[in-house]
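Each remark here refers to the structure printed beneath this line.
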Amino acid sequence: MPAPIPAEPLPTAKPPIPAPPPADALLRPLRRLLRPLVRLLIRAGLTFPVVADLLRGLYVEVAAGLAEDARARTDSRLSLLTGVHRKELRRLREAPIPPEEVPSVVTVGSQIAGRWLGLPAYTDEAGHPLPLTRAAFDALVASVTTDLRPRTVLDNWVEAGLVTVGEDERVRLHRSAFLPNRHVEGQLFYFARNLHDHLAAAAANVSAAGDPPFLDRSLHYDRLRPEAAARLEAAGREGASRLLLDLNRMALSLLEEGEAEPGTPTRRVNLGIYLYLEDEPLRPAATPGEATP
């Protein structure tokens, strides 16, 4: 009996290449997407020529990063991709790119508050932050950084309204007070990072040939009575806060299991939640005998 002929392995399917939507289809959503940002820029005093020059340089920087090899990064090729004149290209490519630095209020303050809100030693059974003795607060700060004196952190937090020190000398954290808008530098850092990550996830989903790779969901209702919208907003804030606190505790427990070894691949995770509401234009009242839509 002849030996069976082994079956040839099936060819491995190549992963689908992301294909962004047509350029003209992006213009209408882009107009709406950018409107709040343009409103902020105008109020901040940033004029169009300043932003246009920034965007021109960013086009060149990103296009060069998308190029697969050196041949695709020539001035002629980049000029074709971006529409920027070659004379401008040389000037923009020689301009230094400002480094992206994380402000200390983010690296230190958020880590201290995150541990206070997430580690079992600093929370009660319901997950609420416990009042800390001065010794416990000092130990909490020292677990994050030894570059700052705990007394300095405490004084800064008391001045910013993030904590209070009671008559019992215990330090109490105001969870609702620990927000980036207490520090402009930290607020702008989160403004850039969170919107960047949300846009990056949405852009990847729009370009995906198969299932969307990232979570991007929202719940939206219109024509709500103001009191109904207020109840939904309050429930949304409470539910979002609870979810983030639970995930913060999970992340800290995962870190306790051990950090990645130097030189091994790592990933960062950013899960964000947003809530927005606004007044809608008044609808005209129905005339007698007319059906209300």
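For L219, the requirement of being loosely packed, with under 10 Cβ neighbours inside 10 Å, out of contact with any strand residue (DSSP E or B) (no Cβ under 9 Å at 6 or more places or on another chain) and aliphatic (A, V, I, L, M) is met.
Exactly one residue out of E259, E185, E159, E238 is closer than 30 Å to T123 by Cα, assigned to a loop (DSSP other than H, G, I, E, B), modelled with pLDDT under 95 and of a type outside the set (A, V, I, L, M), and it is E259. The residues listed here are A63, A136, A72, A67; of these, the one that is surrounded by 12 or more Cβ atoms within 10 Å (Cβ to Cβ) and at pLDDT 90 or above is A136. Looking only at residues in the stretch 195-231 that are touching a residue at least 24 places away in the same chain (Cβ under 8 Å) and over 16 Å from the mean Cα position of the chain (by Cα), the one that is nearest to A19 (Cα to Cα) is S207. From the list R249, R283, R268, the one residue that fits, being of a type outside the set (G, A, S) and either in contact with an Asp or Glu (Cβ under 6 Å, 6 or more places away or on another chain) or assigned to a helix (DSSP H, G or I) (or both), is R249. Yes or no: the stretch 124-147 includes at least one residue that is assigned to a loop (DSSP other than H, G, I, E, B), farther than 22 Å from L252 by Cβ and over 29 Å from the mean Cα position of the chain (by Cα). Within the stretch 124-147, none of the residues are assigned to a loop (DSSP other than H, G, I, E, B), farther than 22 Å from L252 by Cβ and over 29 Å from the mean Cα position of the chain (by Cα).
Suppose we keep only residues that are under 28 Å from the mean Cα position of the chain (by Cα) and farther than 17 Å from G186 by Cβ within the stretch 148-169. Which one would you say is surrounded by the most Cβ atoms within 10 Å (Cβ to Cβ)? If we take residues in the stretch 148-169 being under 28 Å from the mean Cα position of the chain (by Cα) and farther than 17 Å from G186 by Cβ, then L154 is surrounded by the most Cβ atoms within 10 Å (Cβ to Cβ). For the condition touching a Leu at 6+ places or on another chain (Cβ under 9 Å) and either surrounded by 14 or more Cβ atoms within 10 Å (Cβ to Cβ) or modelled with pLDDT of 85 or more (or both), R193 does not qualify. In the stretch 89-107, the residue that is nearest to L58 (Cα to Cα) out of those that are crowded, with 17+ Cβ neighbours inside 10 Å and at pLDDT 75 or above is L92.
The values are calculated or read from the model by the stated rules, or taken from the named source; none is laboratory data. For clarity, every value in this text was computed on a predicted model and none was experimentally measured. For neighbour counting, all protein chains shown are included, and Cβ atoms are generated from backbone atoms with ideal geometry for every residue, glycine included.
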